[in-house]
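Undergrad: Sharing a structure, written as structure tokens. Questions coming.
The values are calculated or read from the model by the stated rules, or taken from the named source; none is laboratory data. Just so it is clear, the model here is predicted, and its values are computed rather than measured. As a convention, Cβ positions derive from the backbone with ideal geometry for all residues, glycine included, and neighbour counts pool all protein chains shown. Remember, those area values only see protein heavy atoms, side chains included, never the ligands or the DNA or RNA. Shrake-Rupley method; radii C 1.70, N 1.55, O 1.52, S 1.80 Å.
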Amino acid sequence: QPFACPLSTKRDWNEALKLYWNQEKHFGETTRSLKEVIEKSKDITRLGQYCAFLYEHKQWMEIYQTYPMIKEIAKESLIPVIFDSLYQLDTRNDNSKASQLVFKLADKKTYPIEDRCFSILLDKMGLHKKALEHLNRYFESKESRRDVLALNDKIKLELACYKPDEALSSSNLLLALIPYNTKACMSKIDALVNLNKKSQAIIELTKLMGEITDPTYKAKLYKQRADLRTSKELNEKVGDLEMSCKLCPQLETRKEILKLLYRGQQFGTLNEMFNKTVTKKEIDEDFDIAIMRGDLYRAFDNDFEKALEVYKKVKMAAPDSFKARVDARIEITEEKLKRDEQKN
């Protein structure tokens, strides 16, 4: 059991959330344990954090079951009204109730936690800048600085508001609280990319890949690292995409490898890949791949007749957007065949 004893101290609360963040399968135990702390302490800050935690997971039934306790503890607070407005937005797409609250109560607050809850509502309404202002106010309180869920929201808002420097700083703070956490690492990488520090982002991504065991997720990370590499790093880019394909085979990724090799004029490697991995069905159904196959027949195999056959098939089946590309190829290939015939 992840929570063998009742949680009652601040440390226990933070440890519970950290455990949840690192092993999300413990959502049920986290929920029960956090609720137990609130019932014992009647702490309004914990209550607001708990509501935010439930909202993030769209646990409306749980929030409504907790409403008697929310209303008892938050008598003078906006928390019940805020989450009721969020409910209207999420379930009925009713903007009017939320809008009324935003314009009527935007600067009226009693507790710092209300800024946290209010930022969720503003973010949901697309008012990211205003949401970040309220979340920054929440973080002025010393108690809130270890709130990992709020810190994660802060990073998302900082990126949405084009503040990558702040997002990077917040990501480092989050990683200090929960080292090697995947979400926190990805936030840091996003911030570095936004700051155009791609080589640093690649280093962070490589570190994270060493911690990941899930093949599907690791394949995504290899694909992401390939996207960050420059055109000068063709071999590394192709290598990352090949690893992504190996872990989680996908036509789109293989197609990307083919295009990279084609643009880099790596015809030997490209021909080998066509012979080993590309099926006839893929060539028949994907006109980009078919044109590459035809070009390979010309450039690598010196087989102009086969190339012409492929181009004519594409012309018959492809939409107009492909016609100009194949018409030029057909013309060049036919001229070459005529010249060869005249020589003979």
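Undergrad: From the list Ile178, Ile155, Ile113, exactly one residue is at pLDDT 90 or above and either in contact with a helix residue (DSSP H, G or I) (Cβ under 9 Å, 6 or more places away or on another chain) or surrounded by fewer than 22 Cβ atoms within 10 Å (Cβ to Cβ) (or both). Which is it? Please lay out each step first, then the result.
TA: Values: Ile178 fails: at pLDDT 90 or above; Ile113 fails: at pLDDT 90 or above.
It is Ile155.
Undergrad: Those residues that are open to solvent by less than 70 Å² (accessible area, probe 1.4 Å) and in a helix (DSSP H, G or I), I need them from segment 160-171; list them, please. Show your work before the answer.
TA: First, pick out the residues of segment 160-171 that are open to solvent by less than 70 Å² (accessible area, probe 1.4 Å): 160-161, 164, 167-168, 170-171.
If the condition is that a residue be open to solvent by less than 70 Å² (accessible area, probe 1.4 Å) and in a helix (DSSP H, G or I), then Ala160, Pro164, Ala167, Leu168, Ser170, Ser171 are the ones that fit.
Undergrad: For Asp214, only one of the following conditions fails: (1) over 19 Å from the mean Cα position of the chain (by Cα); (2) free of Cβ contacts under 8 Å to residues at least 24 places away in the same chain. What is its number?
TA: It fails just one condition, (1).
Undergrad: Residues Lys276, Lys306, Lys280: which one is over 19 Å from Leu251 (Cβ atoms) and charged (D, E, K, R)?
TA: Values: Lys276 fails: over 19 Å from Leu251 (Cβ atoms); Lys280 fails: over 19 Å from Leu251 (Cβ atoms).
Just a single option satisfies the conditions, and that option is Lys306.
Undergrad: Would you check if there is a residue in segment 230-248 being within 18 Å of the chain's Cα centre (by Cα) and within 19 Å of Tyr180 (Cα to Cα)?
TA: No, segment 230-248 contains no residue that is within 18 Å of the chain's Cα centre (by Cα) and within 19 Å of Tyr180 (Cα to Cα).
Undergrad: Further, regarding this structure: Kindly indicate whether any position in segment 20-28 is buried (at least 18 other Cβ atoms within 10 Å of the Cβ) and either acidic (Asp, Glu) or at pLDDT below 80 (or both).
TA: First pass over segment 20-28, keeping only residues buried (at least 18 other Cβ atoms within 10 Å of the Cβ): 20-21.
Checking which are either acidic (Asp, Glu) or at pLDDT below 80 (or both) leaves us with 20-21.
Scanning segment 20-28 turns up at least one residue that is buried (at least 18 other Cβ atoms within 10 Å of the Cβ) and either acidic (Asp, Glu) or at pLDDT below 80 (or both).
Undergrad: Among the residues that make up segment 287-305, is at least one of them modelled with pLDDT of 90 or more, assigned to a helix (DSSP H, G or I) and open to solvent by 70 Å² or more (accessible area, probe 1.4 Å)?
TA: Yes - at least one qualifying residue is present in segment 287-305.
Undergrad: In segment 189-210, is there at least one residue being of a type outside the set (Asp, Glu), without any contact (Cβ under 8 Å) to a residue 40 or more places away in the chain, part of a loop (DSSP other than H, G, I, E, B) and closer than 29 Å to Lys142 by Cα?
TA: Checked segment 189-210: at least one residue is of a type outside the set (Asp, Glu), without any contact (Cβ under 8 Å) to a residue 40 or more places away in the chain, part of a loop (DSSP other than H, G, I, E, B) and closer than 29 Å to Lys142 by Cα.
Undergrad: Against the definition (outside any loop (DSSP other than H, G, I, E, B), open to solvent by less than 30 Å² (accessible area, probe 1.4 Å), of a type outside the set (S, T, N, Q) and under 30 Å from Thr213 (Cα atoms)), how does Lys255 come out, yes or no?
TA: So Lys255 fits the description; yes.
Undergrad: Looking at segment 50-76 only, could you name the residues that are in contact (Cβ under 8 Å) with a residue 24 or more places away in the chain, open to solvent by 10 Å² or more (accessible area, probe 1.4 Å) and not acidic (Asp, Glu)?
TA: Tyr55, His57, Lys58, Gln59, Trp60, Met69, Ile73 - these are the residues of segment 50-76 that are in contact (Cβ under 8 Å) with a residue 24 or more places away in the chain, open to solvent by 10 Å² or more (accessible area, probe 1.4 Å) and not acidic (Asp, Glu).
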